[in-house]
Structures are given as C-alpha cells and as structure tokens.
Amino acid sequence: MEKILSALNESQLEAVKAIDDPILILAGAGSGKTRTITSRLAYLIGAVGIDPANTLTLTFTNKAAAEMRERALNLLRESNTKVIYPPLLCTFHKFGLLFLKFHISRLERRNNFVVIDSDDKKRILKSFEINISSSTAANEISKYKNSFISPAMAMSQADQKDYKIIASIYERYEEYLKQNNLVDFDDLLTLTYKILDENDDLCEQTSQRYQYIMVDEYQDTNDLQYKLLKKLCTAHSNICVVGDDDQSIYGWRGANIKNILEFPKMFDNTQIIKLEYNYRSTDEILHAANELIDHNRSRLGKVLKSTIGKGSAIRFLESPDENQEASAIAARVKKLIEDGVNPKNIAILYRINALSRSLEEGLNRMNIPFKMVGGVKFYERTEIKDFISYLRVITNPHDDFSLKRIINRPKRGLGKASIDKLEQLAHENKLSIYGFMCSNRDLLENVVSKKSFPHLVEFLDNLEILGKTADSSSYNLIDEIERAFCLRTYYKELPDANERVLNIDEFFGFFKDYFKQNPGSSIDMFLNEISLQSEQDGIDSKSINIMSIHASKGLEFEHLFVIGLEEGFFPLLGDTTDIEEERRLGYVAITRAKRELTLSCSASRFYKGKRADLVKSRFLNEAGICEGSLKLQKSLEFKKGDLIKHKIFGMGRVMEVTKVKKECKLRINFGGSKRDILASFVEKI
C-alpha cells in the first residue's frame, strides 16, 4: 500500500486518506482523477479494512466503470490484499437495475422485467398512432418521470391541449410497460428512489450496507441522482464526490451544476480538496483553457498546472469557408499520419453536428478513414435489435413487445392486420401472444393466411426448442438462432447488406466472448448488460475520430482540431443559451488535447440552406488566441474569507460574494462595520 500511495501527489494523497464525512474532490481535467478514485477505494479496503461489500462507487459510463474496477482490483493485488468478492463499482443505472431485481416486488411488479432503450421507447409510442412526434413525447415523459409526476398528476397540471395529449400518451405508455413487464432507463432510477422513499426500513438497511459511497463525474448528476444519493446517505454522511464544475456541460439533458457548486451546503462539514496538477497537456494548452474558463462567474475556482511543461504553440486556422477549412484540416491530418502518427490519436471536434458534412467530404477526398462517434449506436441498428429481440423472446416468450418485432422478420407473410388480430385475441383470452398461439394452434389457420400458417408454426416450434436449451448452452445459442431463422441470409438481400452482415458478425463475436469471459452468466444478464452500453464504449482504433464536443467528454488525443469557432456556432447563441455552459464546453474541448491543438474558424458557412458571413468566436479572444468579436472581464475570484483593501474604508474581510450582472458584489466586514462594495473597487491583500 505504501508503494501505491507514494505514486500520488500531495493533493491526491490528501483525497485518498480523507475517509469520514462528506468530501468534495475538485478534479481538474487530466489531474489523475481515476487514479485518485481507485487508490482511495483500494486504501479503504486494503489499509483501513473496510468490507468491499460496504462500498459503492458510481459513475456514468460502462467503459469508465470497467476501467476503474480493473484498476482498483490491480491495486489491491499489488498491495497483497485478498478480496473474496469485488466492490460494487457501476453506473447509476446499473445500480438501479441490481436494486430493482431484488426489490421491485415492493411495487407489486415481477423481477424478470426487461430493460428497454430509447429506440424501444419510441417504437412503443409510435405504435399508439399518436399525432405528435415520438421523440417529443418520449422527452416529455422522461421529464415527468424525473420530476416524479405521475400520469394523473400530469393530466391535472396540463393547461394546454398539447400537454393534455402528452399526459394521455404518458398514461397509455405506463400501462403498456406494466402489462409487458418492461422498464425504461428512467424507471431504473425513479422506481429505485420510489421504493427507498416509501420504505424507511429498506432505505435505512440499504444505507447501512453502503457505508462508503463515491461518485465520479458529480458535476453531471441531475436532481433525481442527488435525491437518490441523499437516500443512500440516510444512515451516515460518508460520501465522496469527484467532479469538475468547469466541465459541467450537460445542462440540456438535466444535469444540475448546483449539485457540485452547492455540495458544501447540501452536506454539512464538507472537506474540499482540489486536484490542479495536470498530467495530460502542455503549458500552452492549459494556459488557453485557464484563460477561457476564468471568464465564468459561477465556479468554485482552480488553476490547472502542467506537469509536462512547454510544448508547441496553439495553431490558429482561419479559412474563407467551410470547404477550405475541411481541406486544410484534412491535409494536416494526412501529413500527421504519413509522419507515423497513429490515427486513433487524432480527433476533430465540433459544437454542431451539421458542421460534420463538409468535414466528412474533406476527409473522404483525402482518403482518410474516420469514425463518427455518436452516430447510430451499434445496439440500436436494426439488424442487431432483431437478434436481441430473438434472445429476449427465447428467454421470455411472453414478451409481446419483442415478439411483435420478430414475428415477421424474416418475412413469414404476416401483415399488420394479422399481427393485430393475434394481439387482440391474446388480450381477450388474457394470454400473451405466444401463449395464445401455443394454446390455440388449431385456430391459427383461421387468423393468418394459409401461406403464412406453416411458417408461423415452424417459428413457434423453433422458439420452443431454443427456449429449452438457452441457459444450458448459452455460448452456442446465437449460432442456433441463425440456423433456425436465417437472419444473416435475410439481411444479405437488403440494402447496405455488407455493413449489416459485418455488424451481425461483430455481435456474434461479442456474444461468444461475453460467455467465454462470464461462463456463469445467463442470457438475461447478457441482455441487461448490453442495454446499458454507451456510444463511447466502441471507439475504433483504426481511424481518426470525428465527434461533437459533448461526445468527446472523458477522452484525450495527442493531436486535436476544434472547428467552427464563430459566434452563433460556438458559442451557440439563442434565447435559451447558457453562455457559461458554452464556455465550459470550450474548456472541455481545449483540455482534450495533449500535445498539439488547432483551433479553426471560417469567415462564412453554408448552413440551413444559405451562406452566412460570420465573425470569430469570443472564446478565441478570451483564451488569448487572437482578437475576437466580444470581450468580457475575467472573474475577480473573490471568495468568503478573503482579506481585501479599500482606498477609503481600509482593510476588511469578505463575508459573502454575490453576482450583479457582470460584476461581483462583496459583503465586507471593515472592523465591525459591514458594507456592500462592488469587487472592482477593492483589491486582495
């Protein structure tokens, strides 16, 4: 353990050894956050003697959870600590999934539920034949759930026709989920919170079990996750959150920056530890990042310091239009690759997805292979979802939702009318569709056409055979599905056949590898695991990466290009714009770079059907790169407790800091006389 601790810097060591009471670790970009979290977990178990079962570490992506779990276990092995079972280290949603498997019965629901993803959710909503976009309905329903608003409450609060329609759809959707024993992503947390909130004994018991809680990327938590954490801290206050308020960039999807900014108010006796030494980027890159973020008012404040030292100057690329910008960047990327740079170490970022069009064309012209991170997710591709639905039905033939997806894929001559009739008859007989078909085979010929009848019978027979052998031969099940239903052959006849078949092959490989690595797992465990996958879990290493800045969060690249630094594009401007979040997004973009950074802008772009003349982004000026369009005074960084001097009132101590538009107002104690003074009229001592 001493060897492990000796590898930490002073701040990291302080964070690792802080055990009891609330702890806020402000971890700057590239400051060794993962090392600190995993070392702290290893220290708790290997040095303090905490039972691994009493720890809970939560993060946001499966990739991060897997990496942290492996690193923590390696540290424990290095310190010769024998661990009978590993500590629970997972995403919030995986924790919710595990919790519901044990306790959803308290809501009078069965624990063999199926987790559906956003695509499944939209298909369910579309099946209602609603006169509103499924995406809009899905988003509104998600907001309702995360605000703990029931369908009945939503209907009573609806003051407009559109909201009454959405509330009605919400009611139908919830009923559908319950009837088919499905839960969506929001349910994994809302139902978990509901159970804890309604069962004080279980809440106390759960909190007692997880006596040491750590949360990664705390700046990305939403109100629901905060409420859930408060429940988990019912019996204690041993919560350690790690995050960076300067990298809070998900306000648009519910993340609440106040969770980290006001953590010391929400949890009494909080100790704040700052990790400011950066192990990723050069002085030049960090100087630009520090200069930019220093213009934000709402921040706890820290300064990144490079451990690498000086590097090459930041490149500034200014082009007449987006096509010449793309050509210039593509030429630079090609030169890097020719000079031996691994393509996976190169990335191009943009604020708006629409900017990728010209970029893709420029890379294609230069024959540069690229992977777009954040395109259609692997597990949401049609051909993959078909295989997943077959797996779902084989393990639970009464899953009507999945059965309806595959009953006519490959084609069995069943039209929508026939499927609707089967569903209606099943409902009238209070059976699942599968249950009705198996119990009434003699009636099927009268429901479906004579041509499709034998295909439907064969379909049922194959499902029954595979269902009996699913758990005993999980590794070979995917091959048996292909032999029985010939899905690969079916997709070879469709558009984009090669890509589809390659995707199927990839899925086959992943499926078999999963059961090779987890021989004791069931098909249900596999299905629930892949339902939690995120888009970053599959970044390619053979191509350069192009992506939105949001998709780049948590990644780093030796050579980085950021395009579209113009007012209106980055920062994105509009009535709902949070300029401080836009600036944090700029900070995230810059700090993805390790050695070489290029910031690019164009004088004009073709966008939304017309060409527009543009001006440079204010962020270029604020980061000290070049003269930009707007200037904003940097924050004065006063905080409670600072000693200051005023030219009339003399020395005083800051009691409170508040914002007044672009200025800071200070409440200052001048030897017993308390006055409100604007920050620009005083100076720090």
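The values are calculated or read from the model by the stated rules, or taken from the named source; none is laboratory data. None of these values were measured; they are calculated from a predicted model. Quick reminder, even Gly has a Cβ in these numbers, built from the backbone with ideal geometry, and neighbours come from all protein chains shown. Surface accessibility is based on the protein's heavy atoms, side chains included, excluding ligands, DNA and RNA. Shrake-Rupley method; radii C 1.70, N 1.55, O 1.52, S 1.80 Å.
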task = For the stretch 395-404, state whether one or more residues are open to solvent by 20 Å² or more (accessible area, probe 1.4 Å) and of a type in the set (A, V, I, L, M).
result = no
request  = With respect to Asn345, determine if the residue is polar (S, T, N, Q), over 25 Å from the mean Cα position of the chain (by Cα) and closer than 19 Å to Ile544 by Cβ.
outcome  = no
ask   = List, please: which pairs have Cβ atoms under 7 Å, are six or more places apart or on different chains, and start with a residue in the stretch 507-523 that is under 12 Å from Leu391 (Cβ atoms) and open to solvent by less than 60 Å² (accessible area, probe 1.4 Å) and end with one that is in a loop (DSSP other than H, G, I, E, B) and among the hydrophobic types (A, V, I, L, M, F, W, C)?
value = Ile523/Ala470
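Conditions tested, residue by residue: (1) within 14 Å of Leu620 (Cα to Cα); (2) in contact with a Pro (Cβ under 7 Å, 6 or more places away or on another chain); (3) of a type outside the set (Asp, Glu).
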site: Glu566; (1), (2), (3): yes, no, no
site: Phe570; (1), (2), (3): yes, no, yes
site: Glu582; (1), (2), (3): yes, yes, no
site: Ala589; (1), (2), (3): yes, no, yes
site: Leu597; (1), (2), (3): yes, no, yes
site: Ser600; (1), (2), (3): yes, no, yes
query = Which residue pairs have Cβ atoms under 6 Å apart, sit 6 or more places apart or on different chains, and have a first residue in the stretch 107-118 that is on the phi < 0 side of the Ramachandran plot and open to solvent by 20 Å² or more (accessible area, probe 1.4 Å) and a second that is of a type outside the set (Asp, Glu) and modelled with pLDDT under 90?
reply = Asp117/Ser531
task = Could you identify the single residue in Ser168, Ser134 that is surrounded by 14 or more Cβ atoms within 10 Å (Cβ to Cβ) and more than 27 Å from the chain's Cα centre (by Cα)?
result = Ser168
key: strands (runs of 3 or more DSSP E) within the stretch 581-633 that include 3 or more residues modelled with pLDDT of 85 or more and hydroxyl-bearing (Ser, Thr, Tyr)   = 593-602
inquiry  = Just to be sure I understand the filter: pairs with C-beta atoms under 8 Å, separated by 6 or more residues or on different chains, first member in the stretch 478-500 and more than 16 Å from Ser389 (Cα to Cα), second member part of a loop (DSSP other than H, G, I, E, B) and at pLDDT below 85. Which pairs pass?
reply    = Arg500/Arg381; Arg500/Leu494
key: Members of the stretch 1-40 that are assigned to a helix (DSSP H, G or I), surrounded by 24 or more Cβ atoms within 10 Å (Cβ to Cβ) and in contact with a Phe, Trp or Tyr (Cβ under 8 Å, 6 or more places away or on another chain)   = Val16
ask   = So which residues in the stretch 74-96 are more than 24 Å from Ser207 (Cα to Cα) and assigned to a helix (DSSP H, G or I)?
value = Asn74, Leu75, Leu76, Arg77, Glu78
task = Only helices (runs of 4 or more DSSP H) wholly contained in the stretch 255-307 count here; list those with 1 or more residues that are small (Gly, Ala, Ser) and either open to solvent by 20 Å² or more (accessible area, probe 1.4 Å) or in contact with a helix residue (DSSP H, G or I) (Cβ under 6 Å, 6 or more places away or on another chain) (or both).
result = 283-293
ask   = Quick check: anything in the stretch 74-89 loosely packed, with under 13 Cβ neighbours inside 10 Å and under 30 Å from Arg381 (Cβ atoms)?
value = no
ask   = Looking at the stretch 122-130, is at least one residue modelled with pLDDT of 90 or more and crowded, with 17+ Cβ neighbours inside 10 Å?
value = yes
query = Which one is farthest from Leu585 (Cα to Cα) among residues in the stretch 344-359 that are among the β-branched types (Val, Ile, Thr) and touching a strand residue (DSSP E or B) at 6+ places or on another chain (Cβ under 7 Å)?
reply = Ile346
task = Just give me the residues in the stretch 568-602 being crowded, with 22+ Cβ neighbours inside 10 Å and of a type in the set (A, V, I, L, M, F, W, C), in sequence order.
result = Phe569, Phe570, Leu585, Val588, Ala589, Ile590, Ala593, Leu597, Leu599, Cys601
inquiry  = If I ask for residues that are open to solvent by less than 40 Å² (accessible area, probe 1.4 Å), over 17 Å from the mean Cα position of the chain (by Cα) and of a type outside the set (Val, Ile, Thr), which ones from the stretch 208-234 would you list?
reply    = Tyr210, Tyr212, Met214, Leu228, Leu229, Leu232, Cys233
ask   = In the list Ala152, Ala137, which residue meets the criterion of being under 24 Å from Asn256 (Cα atoms) and either among the small types (Gly, Ala, Ser) or in contact (Cβ under 8 Å) with a residue 12 or more places away in the chain (or both)?
value = Ala137
